[in-house]
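The structure appears below as structure tokens.
Taken together, the values in this text are just the output of simple stated rules run on the coordinates, not laboratory data. Since the structure is predicted, the reported quantities are computational estimates derived from the model, not experimental observations. In this analysis, Cβ positions are derived from the backbone assuming ideal geometry, glycine residues included, and neighbour counts consider all displayed protein chains.
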């Protein structure tokens, strides 16, 4: 909300806002395609959150409740995979999707990006869900199974409501991952109309040298709003996660 | 019949794991294998359709070039230089917040989490502005103290200082939070008994806190090492590896090589070597810190 400071008058006074104005917000919302970028970012983030939450819950529940042969091997593999650097997979994924011709159309580019993001987040998330579910006693589901519910039904009707705190946490991680990603989006996206907020911000900050600093600040405030909205929406669950103290990102 | 039923049940149980196995295969194992494969070919933007197998040539080029060793050294400076202040600051802050009679701990804690909760990407773009020579707030504050402005990001030494300070600001809340939760797991009786035996504050720290925190410190350090080694955004956004490649690290160089210059095979070779070095270091540290015993 600050007009651009200059070096000419370096005093304490100049570090404080002089005349507050909403001009920067007006500029960012109506002179730049901010809303388009926001929509694109939200589409990608929503897709990633949906896939991550479903895959992480099913995998976490199965790993926690079943005695499958080869489970330990799978767990260790999953744990090691969370250590892989994204650069080791970003390039081959790009080449893979490009050779499938998926990067030519908007829809398939989004599908590719959502899959790439979900791959990164759902493996780590499955591990978190598994650790969380291990602490919930099996008695509830077993009672439900005796009452004639199927295994699948027991997972979704009994276990899912109890797992909501960790699902919320995992959803938040997935949202942040997709919403603030620059590296993959920059590699995958070819057309300006598909740009996300991070690409737009990079353009405003580094390519378009004429961008004023207050516009950038307004940009980051606006970009932060969805994140804080999700924080507030999930607050009830996130507090429970912190109270348990066992899960860290 | 029993056997068949059991087989049937195992099969159904595997169906639940199908999504994650598919993800692991197609989005992790296949890409990694593909990266290893193209690092042995001359596949790049200029040989997109007619590429040939060149064996170890790329690795030979890479390991005999001075670029690789500069990058490796930079990566180590970046990782170790960031990790030590982050762990120290995180640990000291956790100790301060863990004092039993401190007031307003929750307020401090909430404030501490702000830099963590706010996306690093946005914070970094803002920090880029703050290090700016002409308009940056850092130089303005220095100006108030009578220090002439510094061109932070254009000289190697000041660029490293700016990078590491920024990274410290971004990541110390995480370390504080983890250390604080394991400090709170230490039973208070231990300290009470020590006081009865006549221990002072230093004794309590040296003989109770430190030994009990050892595994937490080791675990967090290994995790932090792996994360910082592969931490892409701070360097990519603040300096882009510049001036020259003097603050470039392996992961940023890999990305630039692939997506800015189209040398896919060289980028793949870099990422393979980087991952191997990182894996060796992580395993060594896990062994030395005996962290695996904690996990299993």
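Summary value for the stretch B:217-263: 27 percent relative contact order, contacts being C-alpha pairs under 8 angstrom separated by 6+ residues.
Per residue, the average separation of C-alpha pairs within less than 8 Å and at least 6 apart gives chain B a relative contact order of 27 percent. With neighbours defined as other Cβ atoms within 10 Å of a residue's Cβ, the residues A:41, A:126 order from fewest to most as A:41, A:126.
Shape call for chain B from the C-alpha gyration tensor, a ≥ b ≥ c root eigenvalues: rounded (a/c under 1.5), prolate (a/b greater than b/c) or oblate? The shape class here is oblate.
Cβ crowding within 10 Å ranks B:66, B:215, A:193 as B:66, A:193, B:215, fewest other Cβ atoms first.
In percent, how large is the relative contact order of the stretch A:22-244, given Cα pairs closer than 8 Å and 6 or more residues apart?
35 percent
Using helices alone, what [θ] at 222 nm do you get for chain B, with -39,500 (n - 2.57) per DSSP H run of 4 or more residues, divided over all residues and rounded to the nearest 500?
Helix-only estimate at 222 nm: -23000 deg cm²/dmol.
Per-residue mean of foreign Cβ neighbours for B:29-37 is 5 (Cβ atoms of other chains, 10 Å radius). Each residue in A:75, A:194 was given a count of other beta-carbon atoms within 10 angstrom of its own, and listing them fewest first yields A:75, A:194. Shape call for the stretch A:160-222 from the C-alpha gyration tensor, a ≥ b ≥ c root eigenvalues: rounded (a/c under 1.5), prolate (a/b greater than b/c) or oblate? Here the stretch A:160-222 falls in the oblate category.
Classify the protein assembly as shown: rounded, prolate or oblate, from the alpha-carbon gyration tensor (a ≥ b ≥ c, eigenvalue square roots; a/c under 1.5 rounded; otherwise prolate if a/b is larger than b/c)? It is rounded, given that a/c, with a ≥ b ≥ c, falls under 1.5.
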